[in-house]
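Accompanying notes for the structure given below.
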Amino acid sequence: MARASYLEQNSGATFGHKKKVVKLGAAYQLLEKDSGKIFMLNSATEFATTLPAIKDAGAGWYCKIVVDAAPSGAAYTVVEKAADDTDVVIVNGINELEVDTADDGPSSTGCTTITFADGVAIQGDFIDVWCDGENYYVSGQTKADGGITVA
């Protein structure tokens with residue numbers, strides 16, 4: 001088949017590229033195969049989401065974690081796999097959209113836990129997480145001062 005014919009035949013294909021969105025309603029251990037997914041945190045009893053071990057995730061692993069139901073009565077947490085990793089989560093910065101200028105959003109050169117704060121984080125707050133094979137890097141956004149914290 002000539003190249004022009006091949007391109008003509010396939011030029012109208014859209015393939016329905018959609019993002020993979022998964023609603024989480026309970027604690028979940030993320031896996032290597034979860035790379036590229038968007039996880040929506042949605043529960044009346046908040047929970048922990050555990051990142052895969054760095055060695056399992058590997059370079060290029062990525063996910064987005066979004067608050068779907070605002071935490072009330074407890075907080076959502078995103079944690080490293082403690083049995084394998086220690087302080088491998090590097091938070092480049094969390095944008096806080098509040099109007100005060102008293103402080104900047106949280107950041108860390110090595111932490112274990114990211115928290116969507118009870119009674120503060122709201123629907124739509126998010127973090128992007130990606131791995132270079134040695135660390136996880138995180139950036140994100142929250143509407144409120146203190147909506148996302150790191151430790």
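Within segment 97-122, restricting attention to residues that are of a type in the set (A, V, I, L, M) and assigned to a loop (DSSP other than H, G, I, E, B), which residue is modelled with the lowest pLDDT?
ALA102
Somewhere in segment 123-143, is a residue part of a loop (DSSP other than H, G, I, E, B), over 15 Å from PHE39 (Cα atoms) and either touching a Pro at 6+ places or on another chain (Cβ under 6 Å) or without any contact (Cβ under 8 Å) to a residue 40 or more places away in the chain (or both)?
no
Which numbered condition in (1) of a type in the set (D, E, K, R); (2) part of a strand (DSSP E or B); (3) more than 23 Å from GLY36 (Cβ to Cβ) is the only one that ASP87 fails?
Going through the list (1) of a type in the set (D, E, K, R); (2) part of a strand (DSSP E or B); (3) more than 23 Å from GLY36 (Cβ to Cβ), ASP87 breaks only (2).
For segment 42-52, which positions are surrounded by 14 or more Cβ atoms within 10 Å (Cβ to Cβ) and over 15 Å from the mean Cα position of the chain (by Cα)?
SER43, GLU46
One residue is enough: does segment 85-100 have a residue meeting the conditions within 21 Å of THR45 (Cβ to Cβ), touching a strand residue (DSSP E or B) at 6+ places or on another chain (Cβ under 9 Å) and of a type in the set (Gly, Ala, Ser)?
No, segment 85-100 contains no residue that is within 21 Å of THR45 (Cβ to Cβ), touching a strand residue (DSSP E or B) at 6+ places or on another chain (Cβ under 9 Å) and of a type in the set (Gly, Ala, Ser).
Determine, yes or no, whether GLY147 is small (Gly, Ala, Ser) and surrounded by fewer than 17 Cβ atoms within 10 Å (Cβ to Cβ).
no
For ALA117, indicate whether it is in contact with a Pro (Cβ under 9 Å, 6 or more places away or on another chain) and among the small types (Gly, Ala, Ser).
Criteria met by ALA117.
The values are calculated or read from the model by the stated rules, or taken from the named source; none is laboratory data. Computed from a predicted structure; not experimentally measured. With ideal geometry, Cβ positions are generated from the backbone for all residues, glycine too; neighbour counts draw on all protein chains shown.
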